[in-house]
Amino acid sequence: MKREQNIVLIGMPGSGKSTVGVILAKTLGMDFVDADILITQREGCTLQEILDSRGLDAFLQAEEAAVLSLACHGTVIATGGSVPLRERAMDHLRENGTFVYIDVPLKELTRRINNISTRGIAFAPGQTLADIYDLRTPVYRRWADVTVEVTASDNATERVVEEIIRKLDR
């Protein structure tokens, strides 16, 4: 992988994209962008406020617009969990990025996420975390250049970072 190429982290909410992203960027001497923070800066409110006041479609559009605004190189990008559902956003990230899927089992995600209704997670009324997981997992797998599996007992962020680096041969 070329040094100027971006590393784009994809995966479910609660998979650790932001946490892993910061440490990965520090380890590799790269910049870091968190797409969720970019959205809140662009929109002037939290992710949950966008969902509550403007709805799911507006949220997904704001997320896509934020991703399409990125023009970076040599950056670790932590995407929002729903970014891979937007083909245009992913095509844009693919131009200069390698996708790393952080694959965390549903049981572990359920343990990690206890604020699903206030965290700013894109899901339709009536959907559960299991529904989102079932919908998105095949999408993440389709886009992934590299997959790092995280077991329920594996909370070692450093191990995930080391495995990403090893798999990317950096």
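Quick notes on this structure:
- Scan of region 17-44 for residues that are farther than 12 Å from GLY80 by Cα and touching a residue at least 60 places away in the same chain (Cβ under 8 Å), ordered by number: THR19, VAL20, ILE23, LEU24, THR27, LEU28
- Checked against the criterion of being over 25 Å from ILE7 (Cα atoms), of a type outside the set (Lys, Arg) and in contact with a Ser or Thr (Cβ under 7 Å, 6 or more places away or on another chain), the candidates LEU51, LEU129, LEU56 yield just one match: LEU129.
- Matching residues, region 106-121, being surrounded by fewer than 18 Cβ atoms within 10 Å (Cβ to Cβ), at pLDDT below 90 and of a type in the set (A, V, I, L, M): ILE113, ILE116
- Among the residues here, LEU51 qualifies as more than 15 Å from the chain's Cα centre (by Cα) and farther than 18 Å from GLY16 by Cα.
- Within the option set ARG54, ARG112, being basic (Lys, Arg) and touching a residue at least 40 places away in the same chain (Cβ under 8 Å) holds for one residue only, ARG112.
- Spans of helices (runs of 4 or more DSSP H) in region 1-102 with at least 1 residues closer than 17 Å to GLU162 by Cα: 17-28
Yes or no, residue by residue, for (1) touching a residue at least 60 places away in the same chain (Cβ under 8 Å); (2) surrounded by fewer than 19 Cβ atoms within 10 Å (Cβ to Cβ):
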{"position": "GLU64", "(1), (2)": "no, no"}
{"position": "GLY74", "(1), (2)": "yes, yes"}
{"position": "VAL83", "(1), (2)": "yes, no"}
{"position": "GLU87", "(1), (2)": "no, yes"}
{"position": "PHE99", "(1), (2)": "yes, no"}
{"position": "VAL104", "(1), (2)": "yes, no"}
{"position": "GLY126", "(1), (2)": "no, yes"}
{"position": "VAL148", "(1), (2)": "no, no"}
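- For region 122-158, a residue qualifies if it is modelled with pLDDT of 90 or more, over 27 Å from GLN48 (Cα atoms) and out of contact with any strand residue (DSSP E or B) (no Cβ under 7 Å at 6 or more places or on another chain), and exactly one does: ARG142.
- Taken over region 6-33, the criterion of being more than 22 Å from LEU129 (Cα to Cα), within 14 Å of the chain's Cα centre (by Cα) and either loosely packed, with under 15 Cβ neighbours inside 10 Å or of a type in the set (D, E, K, R) (or both) is satisfied by no residue.
The values are calculated or read from the model by the stated rules, or taken from the named source; none is laboratory data. This one's a predicted model, so the numbers in the text were calculated from it and none came from an experiment. Backbone-built Cβ (ideal geometry, glycine too); neighbour counts: all protein chains shown.
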